[in-house]
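Beneath this line is the structure, given in structure tokens, with notes to follow.
The values are calculated or read from the model by the stated rules, or taken from the named source; none is laboratory data. Being a predicted model, the structure only gives us computed values, none of them experimental. Virtual Cβ from ideal backbone geometry, glycine too; neighbours counted across all protein chains shown.
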Amino acid sequence: MNTQHAQEQLRIEQIRSVFRTGAPGVLTTLISVFVLTLGLVRIDAATGPRALIFLTVMFVQSTSRLLLYRIYLRATPERQRDWRPWARWFTFGCFVGGTTIGSGAIWMVAAQHSELQLIALLLIFAVTGGAVSAFSQYLPAFMMFFIGVGTLPGIWLFAQADGLHITIGFIFVLWFLAVSEQARRNSNQFAESIRLRQENVELVADLRREKTFAEEANVAKSRFLASASHDLRQPVHALSVFVGALRSHQMDAQARGLLDHIEGSVRALSGLFGGLLDISRLDAGVVEVHRTSFAIYPIIERVCRDFESQAREKGVILHGHPTQALVNSDPMLCERILRNIVANAVTYTDKGRVLVGCRRGARLRLQVWDTGRGIAPSEQQLVFQEFYQIGNPERDRTRGVGLGLAIVKRLTTLLDHPLGLLSWPGKGTCFTLEIPYGTGSASAPDAKLTPLAADSHGSGFILVVDDEGAIQIAMRSLLESWGYSVLTAGSYVEMLERIADRTEMPNLIICDYRLRDNEIGSTVIERLREEYNEAIPGMLITGDTAPDRIKEAQASGYLLLHKPVSNAALRAAIARLASGVASASSPRAAPTSMLQAE
């Protein structure tokens, strides 16, 4: 805010303040003058005519000023912002009021009662003291009141030329100097408070603007990541499917070794995309929480079993301590939290052990202890940020991508399970997850899709709709190697043309979620089901990570897989759907869970 504008705002606030606080002072002064005048008349210290004239002038000027205050307070904010005429009228009213009181209080008392004239000065002292709080916000108005109320009484005191009046005159001057100084300080304090308030308003506005910019930048980042992720997932998914198709072909040991390396690279890319997708799901708010009572130890046992070979290769002991505790939470999301924490502990523990166990308290405390490298205090909050890794400046992908703990933080917030972290650099780390206790009987945690044996074969007719030619070729090769009959197309219309001369009923429809020309996969599945007049099971495969798209796909109710899909997960899902396990008359018969444990 520039200086001129700030000064304008200050004046507006000063005038608004004196108009709001002036009325009580005017009324109090009028009542005080009325009471004092009646008292002086009663003891014959003031004549009736003089008292009547004085009270009439006081009433007229006080009523006029009160009417001015009322007009101001009822004026529109736009009129109030034009502060100059209001300031002039207010200042003039203060001068008239001060002059009326200062001169009238002395003039009203009869000349032969000089001692009572000195008593009348008490009214002037009192009114001047009250004016400090009433008018000092706008110093020019107070100064005009000060001149009006003090000038004539001061001249009168020194004009009496006796010791008593001159002494009181000096006291009168000192009093007014002290009062004016106090008024000046009050005015400065009020101006400073207005300036501070204006600065606070500006800071809040700046923070809101910065927040808006940050939100817009975050939206732009999400859009960019979603677009880039979708474009990158397509070839990675095709590559994964091609690798799976190659597995069914005969090849020598050297070629199979190269294929293993290719598959490892594809898994690394899939891990990165999976982490990004999980972050997008959580940020999109599409992850649903399904709370139930369940035993926590089967999850501990399964996670420890899955990471046992990785820990053994490093010479690290991984142990899950048995417990009979029941907890109330989402078993799948709890497993994902524990899986990510254990993966982090095993990765950063070079020797010693990793222990997973529980402690009882107000809530069950699920803890993961390790004897690893530890986390410095300055980095203990940073480890929950995306892509932040300790001691990995070269970004070695074999040590992860830095999304595991970011996902843990979001999931614990979603579940309202407080997460604690204690760490000692060079000695180890302890993560603590607090989970409410469960009641009643425990349900078994949802099992993951069980991959089929590598040499098992399926049977059936599958329709695949994807606008990427490479994915069509790869999917046909892979599914045919698994024993399925496959028909591929790039759109609904193209698929209609290709099924025209096919009489058999499809066992499954697999469709990319976003096709060319704004065609949506769920709509394509619905229209194909209408063509066959049968509730054929459907599966959506998408490379989108945009929050809105995720919500739309999730709302469709079809089994939803995200590119790149591992061959094992794809094979298990196809086997389940194509065999009729998930078929039903409604498209919502086969919803998929979000954030499945890896």
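Name the single residue that is modelled with the lowest pLDDT among those in the stretch 547-565 being of a type in the set (G, A, S) and buried (at least 20 other Cβ atoms within 10 Å of the Cβ).
Just the residues of the stretch 547-565 that are of a type in the set (G, A, S), to begin with: 553, 555-557.
Restricting the remaining residues to those that are buried (at least 20 other Cβ atoms within 10 Å of the Cβ) gives 553, 556.
Details: A553: 76, S556: 79.
So, considering only residues that are of a type in the set (G, A, S) and buried (at least 20 other Cβ atoms within 10 Å of the Cβ), the one modelled with the lowest pLDDT is A553.
Listed conditions (1) buried (at least 16 other Cβ atoms within 10 Å of the Cβ); (2) in contact with a Pro (Cβ under 7 Å, 6 or more places away or on another chain); (3) hydrophobic (A, V, I, L, M, F, W, C); (4) modelled with pLDDT of 75 or more are all met by A582, apart from (4).
Please specify each residue of the stretch 304-329 satisfying the condition of being part of a helix (DSSP H, G or I) and touching a strand residue (DSSP E or B) at 6+ places or on another chain (Cβ under 7 Å).
Pass one, the stretch 304-329, residues part of a helix (DSSP H, G or I): 304-313.
Result: C304, F307, E308, A311.
Looking at V219, V201, V132, just one residue is at pLDDT 80 or above and among the hydrophobic types (A, V, I, L, M, F, W, C), and that residue is V201. The set of residues in the stretch 43-90 being within 17 Å of R20 (Cα to Cα), among the aromatic types (F, W, Y) and in contact with a Leu (Cβ under 8 Å, 6 or more places away or on another chain) consists of W89, F90. Residues in the stretch 62-78 that are outside any helix (DSSP H, G or I) and not aliphatic (A, V, I, L, M): 1 in all. The single condition among (1) among the β-branched types (V, I, T); (2) over 18 Å from H237 (Cα atoms); (3) within 29 Å of the chain's Cα centre (by Cα) that T542 does not meet is (2). Any residue in the stretch 49-61 that is in a helix (DSSP H, G or I), under 47 Å from the mean Cα position of the chain (by Cα), modelled with pLDDT of 80 or more and surrounded by 14 or more Cβ atoms within 10 Å (Cβ to Cβ)? No. Only one of the numbered conditions (1) within 60 Å of the chain's Cα centre (by Cα); (2) surrounded by 20 or more Cβ atoms within 10 Å (Cβ to Cβ); (3) of a type outside the set (V, I, T) is violated by R184, and that is (2).
Annotation: of all residues in the stretch 222-263 being of a type in the set (D, E) and in a helix (DSSP H, G or I), the one that is modelled with the highest pLDDT is D260.
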